[in-house]
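Here's the structure, in structure tokens; my notes come after.
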Ligand code: SF4
């Protein structure tokens, strides 16, 4: 955190707008107080921040002169205020989990490793461990750190798919492992640092494939379609070409805009299906929350 405080001081920040992922909520008040002790005023953003696609220029309205974006790395998105990114690495020791759970990978010799930015420091530890057990380990650098993926950038997995027998995702929760399942055909395992176990994502693959196929089939017959767009800076896309195409197919189309895409916001509208142009994970991770078929344009 010292490095980020220095960066904020260097740009002469006085009032800092703090954006953070939900997982850090329990720590955010401590972080805020630490910034205040360093002479910085803080405004804590309680709108959910899922990624670096979400840069809140609204902070300027609150008199902030900088943004501290925690848990993410820059996606190069322009903003009205200077943004300091704090990657928030978490030092974890996956070796005790591997000691206990390695048997689950016994059928796989060539293993591709991926992780989120928080756990990139674990990649060399896991690589070393697996190699000592006779495995061949593949790690591809597509973003800032080897093996790192984002929910919307899974290149580190796609690039090595042909070489590996399975993927092992180091994370806390399933979000990143689910992403790999959706873009590759190889088996995916999650080394879950929270649950302290390794488990397969093949059940998720079956379920997701089934729901996605059903949604696509339903979409064909839908008469009234809502195109979902977000005004989050890194998610903005022009919906009007798609609208025209769908209208040519005889559909009645509405462009529906919001900040965070959420099924509750659509309730009350007369629609038969939805198509999302926002975050590529909308309608994938939250498939079951929608009452009408939803298609994610990026996964189409
Ligand atoms: S677009 Fe979605 S997956 Fe990509 S950074 Fe934003 S919230 Fe994460």
Approximate shape of segment 211-300 as ellipsoid semi-axes (Cα gyration tensor, √5λ), whole Å, largest first: 17, 16, 13
Among beta bridges that DSSP assigns inside segment 95-200, antiparallel share in %, nearest 5: 25
Projected-area mean, segment 129-175, by convex hull of Cα positions, square nanometres: 3.8
Cα gyration tensor category, rounded, prolate or oblate, for the chain with a/c compared to 1.5: oblate
Helix-only CD estimate at 222 nm, as mean residue ellipticity for the chain, using -39500 (n - 2.57) per DSSP H run (n ≥ 4): -8000 deg cm²/dmol
Cα gyration tensor, segment 2-86 - rounded (a/c under 1.5), prolate or oblate: rounded
Cα-based shape type of segment 95-200, given that a ≥ b ≥ c are square roots of the gyration tensor eigenvalues and the cut on a/c is 1.5: rounded
Average projected area [Cα convex hull, segment 124-266], square nanometres: 11.1
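Laboratory data are not the source of any read-out in this text; all were calculated from the coordinates shown. Just so it is clear, the structure is predicted and the values come from calculations on it, not from any experiment.
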